[in-house]
Amino acid sequence: MRTTFHVNQRAVSVDVSPRMTLGDCLRHELKLTGTHIACEHGVCGACTVIVDGEAVRSCLTLAVQADGTYITTIEGLSDGEALSPLQLAFRKHHALQCGFCTPGILTTLHAFLTHNPDADENAIRNVLSGNLCRCTGYVSIIAAAMEARSAYRAGAIAR
Amino acid sequence: MKLPPFDYASPTSITDAVALLAAGKGEARLLAGGQSLLPVMAFRLANPALLIDMRKIPDLQTIAVDDRGVRLGALVRWCDIANSPALKKALPLLPNAIEHVAHYAIQTRGTVGGSLGHADPAAEFPGLAVTCDAMIEIEGSAGRREMPANTLFTGPLQTSLGHDDIIVAIRFPPWPADRKWAFEEFSRRHGDFALAAIAVFYDLDDSGRIANAHVGVIAATDKPTRLPTAEAALNGQMPNSECFIAASEAAAQACNPSADIHASADYRRSLVRTLLTRALRKTLN
């Protein structure tokens, strides 16, 4: 079954079986392996991508459901080697250790801060409750998100 | 786990979707946001031969507010409710309670119709539907009909829907502006399923006494239910600690929760008591 969508501003068209999730399609068909798949039932948040401007679990979205959408993955957040303000804040605050959960956290926060650049720490904490990180204890992630808000207030990087 | 194999259809009308469901003879399932159905399929607790995606069916994403109350199309998502200024006025209990539904990236896909059809006893929305005396609009092979929310749910993950029935919309009755209400939930982590939750509202009569009390319990019973004995302990009373505590005790006695790895039955019953007291105190603010 054919599904056609844009990913990171590139038009793609893929022949998939209905059971293939968007996450598996991104990784295995389109070789965008920055999106990480872990729990495969929506609990861990690692596979989160941005579909039509909204954070979405790519393990709970079928590739065929993505037909006609515009998708941004972790590969689309940076401009080549130039990191986005959110990514720079993550590096500055050491907001990752093993990095497995990081693509999902960056895409989640990118969508959330684009919609809510004035979010307070409590709101950021509530959003991050949907992304499991076993390394950092979240303190450094929250510090990075708080710092990145100013870039989103200035209208940063809606790719 | 990866999903089991299935066929996929995305009809463009309710009529076509009903026909596909009828032809599926119980082996076809509707796909709305997929935030409950796809995990259940990943666990092999469901194995439908055909998924009928509702995303191309028009007019199911509408939030309508008028003097007859609030009508939500089946594909209204949690984030649509959270972002609706009209609902904050017309049915304030709803957006307040919806804050507890799952996580940010689930709220962008999960739908009210999907939640009703999935009928998880620990889910907030079915409990709100029952507590608020909502009516469910259904279309099936025999045409369109309505049923009260409390007759939709028959047990954990079970409804009275026929295999060719589609939940089209849900209607909430009008909500007086001065109604007293509160929602209280306890879960281990923000966005997790409730270990127990309470939705409560009442009106005050001319003498300042409680009237029309509605107390609904979520996650501590095998389906969302109102608690008549707790409501009786409130109706006709002045809103004060004495009747709040009596109602909370009645609520705890009325619940017969099941135990699982998340909480014992006694703990859940204790939560019901505590959460209802908290909720009732909150109605005074």
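The values are calculated or read from the model by the stated rules, or taken from the named source; none is laboratory data. Treat the numbers as computed from the prediction; the structure is a model and nothing was measured. All Cβ positions, glycine included, derive from the backbone under ideal geometry; neighbour counts span all protein chains shown.
Of note:
- Segment B:17-41 - residue that is part of a loop (DSSP other than H, G, I, E, B), out of contact with any strand residue (DSSP E or B) (no Cβ under 6 Å at 6 or more places or on another chain) and not acidic (D, E) and, of those, farthest from B:G113 (Cα to Cα): B:K25
- B:E146 surrounded by fewer than 18 Cβ atoms within 10 Å (Cβ to Cβ) and within 14 Å of another protein chain (Cβ to nearest Cβ): no
- Taken over segment B:128-150, residues that are farther than 17 Å from B:V76 by Cβ and in contact with a strand residue (DSSP E or B) (Cβ under 9 Å, 6 or more places away or on another chain) amount to 10.
- Tally of residues being outside any loop (DSSP other than H, G, I, E, B) and more than 24 Å from A:F112 (Cα to Cα) across segment B:72-92: 4
- Looking across A:G53, A:G76, one residue alone is at positive phi, more than 9 Å from every other protein chain (Cβ to nearest Cβ) and among the small types (G, A, S). It is A:G53.
- In segment B:199-214, the residues that are β-branched (V, I, T) form Cβ pairs under 6 Å with partners that are surrounded by 14 or more Cβ atoms within 10 Å (Cβ to Cβ) and not in a strand (DSSP E or B), at six or more places apart or across chains, as follows: B:V200/B:A279; B:I210/B:L234; B:I210/B:N235; B:I210/B:Q237; B:I210/B:P239.
- The set of residues from segment A:1-27 being over 13 Å from A:T72 (Cα atoms) and within 11 Å of another protein chain (Cβ to nearest Cβ) comprises A:M1, A:T3, A:V16, A:S17, A:P18, A:R19, A:M20, A:T21, A:D24.
- Those helices (runs of 4 or more DSSP H) of segment A:65-159 in which at least 2 residues are of a type in the set (K, R), considering only elements entirely within it, cover A:85-93, A:139-153.
- Restricting A:K92, A:K31 to residues that are more than 10 Å from the chain's Cα centre (by Cα), closer than 27 Å to B:P5 by Cα and of a type in the set (K, R) narrows the list to A:K31.
- Number of the exception - A:D67 against (1) more than 11 Å from chain B (Cβ to nearest Cβ); (2) among the charged types (D, E, K, R); (3) in contact (Cβ under 8 Å) with a residue 24 or more places away in the chain; (4) out of contact with any helix residue (DSSP H, G or I) (no Cβ under 9 Å at 6 or more places or on another chain): (1)
- Scan of segment B:157-188 for residues that are under 16 Å from the mean Cα position of the chain (by Cα) and without any contact (Cβ under 8 Å) to a residue 24 or more places away in the chain, ordered by number: B:S160
- The lone exception for B:G24 - which of (1) farther than 27 Å from A:N126 by Cβ; (2) within 14 Å of chain A (Cβ to nearest Cβ) it fails: (2)
- From the options A:R134, A:R149, residue that is surrounded by fewer than 16 Cβ atoms within 10 Å (Cβ to Cβ) and either basic (K, R) or within 14 Å of chain B (Cβ to nearest Cβ) (or both): A:R134
- Of residues in segment B:178-197 being assigned to a loop (DSSP other than H, G, I, E, B) and out of contact with any helix residue (DSSP H, G or I) (no Cβ under 8 Å at 6 or more places or on another chain), the one surrounded by the most Cβ atoms within 10 Å (Cβ to Cβ): B:F193
- Within the set B:D165, B:D192, B:D206, B:D222, the sole residue that is assigned by TED's automatic domain parsing to the domain that holds B:N96 and of a type in the set (D, E) turns out to be B:D165.
- The residue list A:L113, A:L128, A:L109 contains one member that is under 13 Å from the mean Cα position of the chain (by Cα), buried (at least 20 other Cβ atoms within 10 Å of the Cβ) and without any contact (Cβ under 8 Å) to a residue 24 or more places away in the chain, which is A:L128.
- Within segment A:40-50, the set of residues being more than 7 Å from chain B (Cβ to nearest Cβ), out of contact with any Gly (no Cβ under 6 Å at 6 or more places or on another chain) and assigned to a loop (DSSP other than H, G, I, E, B) comprises A:V43, A:C44.
- One residue alone among B:E27, B:E99 is in contact (Cβ under 8 Å) with a residue 12 or more places away in the chain and touching a Pro at 6+ places or on another chain (Cβ under 8 Å), and that residue is B:E27.
- Subset tally (residues that are away from every other protein chain (no Cβ under 14 Å) and either assigned to a loop (DSSP other than H, G, I, E, B) or free of Cβ contacts under 8 Å to residues at least 60 places away in the same chain (or both)) for segment B:42-71: 10
- Qualifying residues in segment B:206-228 (those that are surrounded by 14 or more Cβ atoms within 10 Å (Cβ to Cβ) and among the polar types (S, T, N, Q)) - the one nearest to the chain's Cα centre (by Cα): B:T225
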